[in-house]
Amino acid sequence: MSDILNCVIIGSGPAGYTAAIYAARAGMNPVLYTGMEPGGQLMITTDVENYPGYPDGIMGPAMMDHFQKQAERFGTEVRYEMITKVDFSGPVHKIYPEGGAEVQAHTVVISTGASAKWLGLESEQRLMNKGVSACAVCDGFFYKGMDVAVVGAGDTAAEEASYLAKLCPTVHMLVRRDEMRASKIMQKRVLNTKNIIVHWNTETDEILGKEEVEGVRVVNNKTGEKTEIPIKGFFTAIGHKPNTGIFKDWLEMDKAGYLINVPDSAKTKIPGVFVSGDAQDNIYRQAVTAAGTGCMAALDAERYLTEQEII
Ligand code: NDP
């Protein structure tokens with residue numbers, strides 16, 4: 001029997017597990033490496049209310065447990081290891097788990113996701129999921145009727161502020177310079193929304209609250225003046241970082257490190273290597289869209305194995 005695996009999946013968020021479900025059911029005997037954060041970004045989310053099929057919502061970690069069980073039910077082997085290096089130079093791909101022996105595979109599905117960037121404040125860490133969030137579309141609903149703050153001045157921050165402005169009486173946008181990085185149209189939308197207050201030259205000094213967010217203390221970096229703003233939700237929107245560093249010698253990526261797929265597919269320029277989820281998506285970034293592209297990647301991988309007469 002060949003030691004070359006049919007399909008290795010790197011990453012254990014909705015994209016990776018969906019790829020595993022499809023690959024396992026197609027008889028590809030997938031092996032999934034979870035990486036350092038098994039379950040991915042949903043493990044730091046509380047209620048998920050926008051994933052179809054859960055009419056009462058579900059906790060993020062419980063949902064990822066379901067994903068994993070479903071993938072294992074069809075024979076996916078889950079390995080709790082981190083991949084630190086890949087070699088895509090030959091027709092058979094080489095994958096290196098941390099501290100382990102080289103693994104070979106005919107196909108690789110990359111679903112390593114992205115991580116939100118954080119300010120790095122102690123209070124931000126402590127109040128995570130207790131008012132601090134990095135996703136307005138995921139968590140904004142919980143702050144309906146309450147005042148919130150958004151930190152950042154890019155397109156994400158502008159979008160999040162606009163989204164929250166439909167739910168919350170006042171949205172305080174904390175912008176560290178005297179201008180925004182967001183596209184002109186998004187800036188215009190923000191500035192024309194009456195209940196978004198833009199605080200220019202403003203940085204976050206501390207998020208306030210013991211058990212949950214009660215306010216934010218901000219500092220004007222021109223005058224040094226500190227002000228406390230009462231809020232219930234604090235949304236960090238200072239960018240995401242795709243977890244794609246180990247692929248930089250092999251695959252095309254954009255300036256921010258998002259992998260580039262062949263349009264209308266999950267293929268990359270390297271035959272047998274496929275991408276899915278937030279590692280290749282800086283626009284939608286939803287569990288359901290990640291799951292969708294995970295499915296695409298597995299279907300493309302299956303087609304590849306069939307064409308190569310491997311399965
Ligand atoms: P960006 O890197 O574009 O913006 C990050 C923002 O966060 C900047 O305004 C930056 O400030 C600010 N920031 C960074 N660190 C801090 C900090 N420590 N304290 C306060 N503010 C901070 O990230 P985005 O996620 O907004 O966008 C990423 C890419 O995705 C962009 O190319 C964007 O255009 C794209 N995008 C497109 C969308 C669309 O087309 N619908 C939607 C969302 C994103 P500063 O400006 O001072 O550096």
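Summarised as an ellipsoid, the range 231-304 has semi-axes of 26, 16, 8 Å, derived from the eigenvalues of the Cα gyration tensor scaled by 5 and square-rooted, with the largest first.
Of the beta bridges in the range 118-236, as assigned by DSSP with both residues counted there, near 40 percent are antiparallel. Secondary-structure-derived ellipticity at 222 nm for the chain, considering helices only, amounts to -7000 deg cm²/dmol, per-run term -39500 (n - 2.57) for DSSP H runs with n ≥ 4. Most simply put, the range 72-181 has about 60% antiparallel DSSP beta bridges, counting only bridges with both residues inside it.
How big is the charge dipole of the range 118-236 about its Cα centre, in debye rounded to the nearest 20, if each Lys and Arg gets +1 on its Cβ and each Asp and Glu gets -1 on its Cβ? Once rounded to the nearest 20, the dipole reads 440 debye.
Per-residue SASA remark: Arg217, around 70 Å² accessible (1.4 Å probe; ligands, DNA and RNA not included). The charge dipole of the chain, taken about its Cα centre with unit charges on the Cβ atoms of Lys, Arg (+1), Asp and Glu (-1) only, comes to about 760 debye.
With a 1.4 Å probe and all protein chains left in place, how much of the accessible area of the chain comes from carbon and sulfur atoms, in whole percent? So the carbon and sulfur contribution to the accessible surface is 51 percent. The mean accessible area for residues of the range 118-236, using a 1.4 Å probe and ignoring ligands and nucleic acids, is 52 Å² per residue.
Left without a cysteine partner by the 4.7 Å Cβ rule in the chain: Cys7, Cys168, Cys295. Using a probe of 1.4 Å on the protein chains alone, the accessible area found for Cys295 is around 30 Å². Surface listing: Glu122, Glu206, Glu309 arranged by accessible area from highest to lowest gives Glu309, Glu122, Glu206, probe 1.4 Å. Scaling the Cα radius of gyration of the chain by the globular reference 2.2 N^0.38 Å produces a ratio of 1.09.
Calculation over all alpha carbon pairs of the range 1-67 in 5 angstrom steps from 0 returns a P(r) of 4, 17, 23, 20, 15, 11, 5, 2, 2, 0 percent.
Summed over the residues of the range 6-80 and divided among them, the accessible surface reaches 45 Å² per residue at a probe radius of 1.4 Å. Seen through its C-alpha gyration tensor, with square-root eigenvalues sorted a ≥ b ≥ c, the range 124-231 comes out oblate because a/c lies at 1.5 or above while a/b is not bigger than b/c. A simple rule links phi to the HN-Hα coupling: the Karplus curve 6.51 cos²θ - 1.76 cosθ + 1.60 with θ = phi - 60°, which for the range 238-249 gives 9, x, 10, 10, x, 8, 10, x, 6, 9, 5, 7 Hz, with x for Gly and Pro.
The values are calculated or read from the model by the stated rules, or taken from the named source; none is laboratory data. In this text the structure is predicted, and so the values were computed from the model without any measurement. For neighbour counting, all protein chains shown are included, and Cβ atoms are generated from backbone atoms with ideal geometry for every residue, glycine included. For accessibility, only protein heavy atoms count, side chains too; no ligands or nucleic acids. Shrake-Rupley method; radii C 1.70, N 1.55, O 1.52, S 1.80 Å.
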